[in-house]
1. What aspartates and glutamates sit close enough to Lys26 to cross-link, taking a C-alpha to C-alpha distance under 18 Å and skipping anything fewer than 8 places away on the same chain?
2. Could you work out the longest stretch of the chain that avoids the trypsin sites (Lys or Arg not before Pro) located in DSSP loops with at most 16 other Cβ atoms within 10 Å?
3. Where the only charges are on Cβ atoms (+1 Lys, Arg; -1 Asp, Glu), what is the dipole of the range 20-119 about its Cα centre, to the nearest 20 debye?
4. Report which label in [x] 40; [y] 73; [z] 46 holds the value of percent of Cα pairs over 22 Å apart derived from the coordinates of this structure.
5. Along the charge dipole of the range 20-67, Cβ charges K/R +1 and D/E -1, which of Gln48, Trp59, Ala27 sits furthest on the positive end?
6. For Lys131, what charge total do you get from the other residues with a beta carbon under 13 Å from its beta carbon, if Lys and Arg give +1 and Asp and Glu give -1?
7. Taking +1 at the Cβ of each Lys and Arg and -1 at the Cβ of each Asp and Glu, which of Leu133, Val106, Met75 sits farthest along the dipole of the range 28-172 towards its positive end, judged by Cα position relative to the Cα centre?
8. Nearest 0.05, what FRET efficiency do Arg94 and Asp43 give at R0 = 25 Å with Cβ-Cβ as r?
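Every read-out reported here was derived from the displayed coordinates using simple, explicitly stated rules and does not represent laboratory data. What you see is a predicted model; the values in this text were computed from it and never measured. Glycine gets a Cβ as well: all are built from the backbone with ideal geometry, and neighbour counts include every protein chain shown.
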Amino acid sequence: MNGSANVTSIEALGELRAALCCFGDKAAEAVCAADAEIHRTVDWLGDQLGYWQHEVRRWEDEVFRARGELSRRRMLRIGDRPPDCSEQEEVLERARQALAHAEDQVERTRRWHRLWQEAVIEYQGPVGQLKSLLEGDLPRAIALLERKIETLDSYVGLTAPPVKTAPEKPAS
């Protein structure tokens, strides 16, 4: 590198500085928004897991009650005919299906929670580099650019010393 630059517009350097500042602000906002969304999603997945675990317990109780009701109904014999238990069997089957659905949702939620955590870990590496750039490298680059602009402005403001010319000899 020869150490000289061919700067044609100090104004363009000022615009670059402003664009870097704008980029830094917008990138920092985007990183904060992404971090907030990550935390919101983790919280939501935790809430969903709690909800479906509660539903599993609730439907286990319903299955237990439906089995008890079906057993009581089967013991009721009127004469030599068995009692009609179709309604109790339907209630038990619906409760079993709902329990199976809730258990499936617990497993799905756990799987998505694990996958989300893995994705967050993958995200944190590159975004950590971006944060480092935004917090360290970018402010240093902007400060360097400001110093160069000031140096160029002061250079442009210099006036050349008057050129001394040799006194003219009178023509003879």
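1. The reachable aspartates and glutamates, counting only those whose Cα sits under 18 Å from Lys26, are Glu15, Asp35, Glu37, Glu135, Asp137.
2. Within the chain, the longest run free of exposed trypsin sites (Lys or Arg not before Pro) spans 78-163.
3. Here the size comes out at about 520 debye.
4. Correct label is [y].
5. Trp59
6. Combined, the nearby Lys, Arg, Asp and Glu give -4.
7. Working it through, the farthest residue towards the positive pole turns out to be Leu133.
8. After rounding, the FRET efficiency stands at 0.20.
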